[in-house]
Amino acid sequence: ETHPYFKRDSLIKFCHKYGIAITAHTPLGGALVNTERFGSVSCLDDPVLKKLSDKHNKSPAQIVFRWGVQRNTIVIPKSSKIKRLEENLNIFDFELSKEDMEFIKTMERNQRSNTPVKAWGIDVYA
């Protein structure tokens, strides 16, 4: 899991060093089901993403997906809506600047979206 609220920079650096591909599941920090089951919060309403969204004329989700691609992670968004699937792919016609990438770093909360211990009573990360 990696998203702007849970960047995992040291793990990603380690994986890149050893040629390990990183799959960024839950790239938006979770959906409604994660909020209901695990108490997580999506990053899409964060003011940082709103500002970058306005700057690049892209949705907050597109900013997050582009950020993930530029970090050399494999971003796997999920959607059942055709319009959103098309939007998710429309991230290769712009690039985030170094300053944009640094701005997103300020969002770190060290917050997992998938924390089953809250729903299942089992700490799978222990």
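The values are calculated or read from the model by the stated rules, or taken from the named source; none is laboratory data. Computed from a prediction, not measured in an experiment: that's the story for all the values here. Reconstructed Cβ throughout: ideal geometry from the backbone, glycine too, with neighbour counts over all protein chains shown.
Summary table below
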read-out: Check on V33, modelled with pLDDT under 90, aliphatic (A, V, I, L, M) and assigned to a helix (DSSP H, G or I); value: yes
read-out: Tally, over the range 64-105, of residues that are polar (S, T, N, Q), farther than 24 Å from K17 by Cα and exposed (fewer than 12 other Cβ atoms within 10 Å of the Cβ); value: 1
read-out: Cβ-Cβ under 7 Å pairs, at least 6 apart or on other chains, the range 1-30 side in contact (Cβ under 8 Å) with a residue 24 or more places away in the chain and aromatic (F, W, Y), far side loosely packed, with under 11 Cβ neighbours inside 10 Å and in a loop (DSSP other than H, G, I, E, B); value: F6/N110
read-out: Identity of the residue in the range 12-30, in a loop (DSSP other than H, G, I, E, B), modelled with pLDDT of 80 or more and hydrophobic (A, V, I, L, M, F, W, C), that ends up surrounded by the most Cβ atoms within 10 Å (Cβ to Cβ); value: I22
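Each row is one residue, and each column tells you yes or no for (1) in a loop (DSSP other than H, G, I, E, B); (2) over 27 Å from G121 (Cβ atoms); (3) aliphatic (A, V, I, L, M); (4) modelled with pLDDT under 95.
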{"position": "E1", "(1), (2), (3), (4)": "yes, no, no, yes"}
{"position": "S10", "(1), (2), (3), (4)": "no, yes, no, yes"}
{"position": "K58", "(1), (2), (3), (4)": "yes, yes, no, no"}
{"position": "S79", "(1), (2), (3), (4)": "yes, yes, no, yes"}
